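Report on the structure given below.
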Amino acid sequence: MMKTTNAIVLGRRFLQQQRLSISSTPSLLSRRRFSMAPKALVTPSIIAGNPLNLLKDMCHKYRLCETDGYRSSGKYCEMQISVSTSSGGDAEPPILRTVNIQRISPLGIDFIMKQGTRAAHISTLPIAVCVTSGSYSPGEQVEQWRAEGRCSAIPLQEIIDVSPSSTIAQMIASTRAANEAAADEAQVGWRKICSKDRLVIQRKSRFVEMVQEARLELANGEISMDEIKEAVQAFRFEPERLEYMTGSPDQVCWDRWEWLRPAGRSINKDGSLAWDEPMHLLPY
């Protein structure tokens, strides 16, 4: 009987010690619970000022442009452009294009397009753009810039030296093919319009020859600037609103910022676009 009583007493003392041990170490348990959560990445503070400089810095970080904002040789910084040509009623889907950024400056974002109906829409209607870089994967982050604004035509000479010659050659060849089709009504295949003003290629081998000829002539300086201007148009996108969003699987939530142009003062004394202080937005 004495042995049984002693065993019960010892058992109770052991349980009391265990309860004391657990209650005296809540911080340890808290640390263990916290360690199970994903490690959060700290997003650098956004510097107030011209957000176009921040976009340029992002492109330079990914080696897509030089420190002066011009496109790096052999690199392509893609920008999606959306413009709606419908004024209501039976609305048509917006026109969507992917262009390559040729220069980013405090004045705007410069790019080229083939001359034509689409270029006319771009220069007269409000547009929205999107630029995305990086990767949404562990240990990395994705960065996205979205903006709304308008485009204006700029002299092609400002950015033609950094524009890919292969792109310019294809635009010239496309213009030549369209002119050739207009001059020869018998070539119905060239004249056929698939949708809107898009022409159908009847013989791809013939068009490939035209592209190769244009590339060779362009390299030898045998194409006049007048013909180049007939095929290629340079634009500058001047945003009225810019939004930056960045995130990663390692981040607790997305970081999102917005810049707006100030009312009554859209241009600074140096000619650069003026901006209000950035606002930190909810991620959704």
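Numbers below:
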{"item": "Hits among aspartates and glutamates - C-alpha to C-alpha of Lys269 under 17 Å, sequence gap 8 or more where chains match", "result": "Glu238"}
{"item": "Residues of type aspartates and glutamates that Lys61 reaches as a straight line, Cα spacing below 12 Å, ignoring anything fewer than 8 places off in the same chain", "result": "Glu143"}
{"item": "Qualifying aspartates and glutamates (Cα of each under 16 Å from Cα of Lys75; at least 8 residues distant if same chain)", "result": "Asp57, Glu66, Asp110, Asp161"}
{"item": "Simple label model, 7 Å out from Cα along Cβ direction - Thr117 to Leu199, nm", "result": "1.4 nm"}
{"item": "Mean Cβ neighbour count within 10 Å, used as a protection proxy, ranking 222-229, 234-241, 104-111, 250-257 highest first", "result": "104-111, 234-241, 250-257, 222-229"}
{"item": "Three-way shape label, region 68-180, alpha-carbon gyration tensor, a/c 1.5", "result": "oblate"}
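Throughout, read-outs are computed from the coordinates displayed, never taken from laboratory work. What you are looking at is a predicted structure, and each value in this text was computed from that prediction instead of being measured. In this analysis, Cβ positions are derived from the backbone assuming ideal geometry, glycine residues included, and neighbour counts consider all displayed protein chains.
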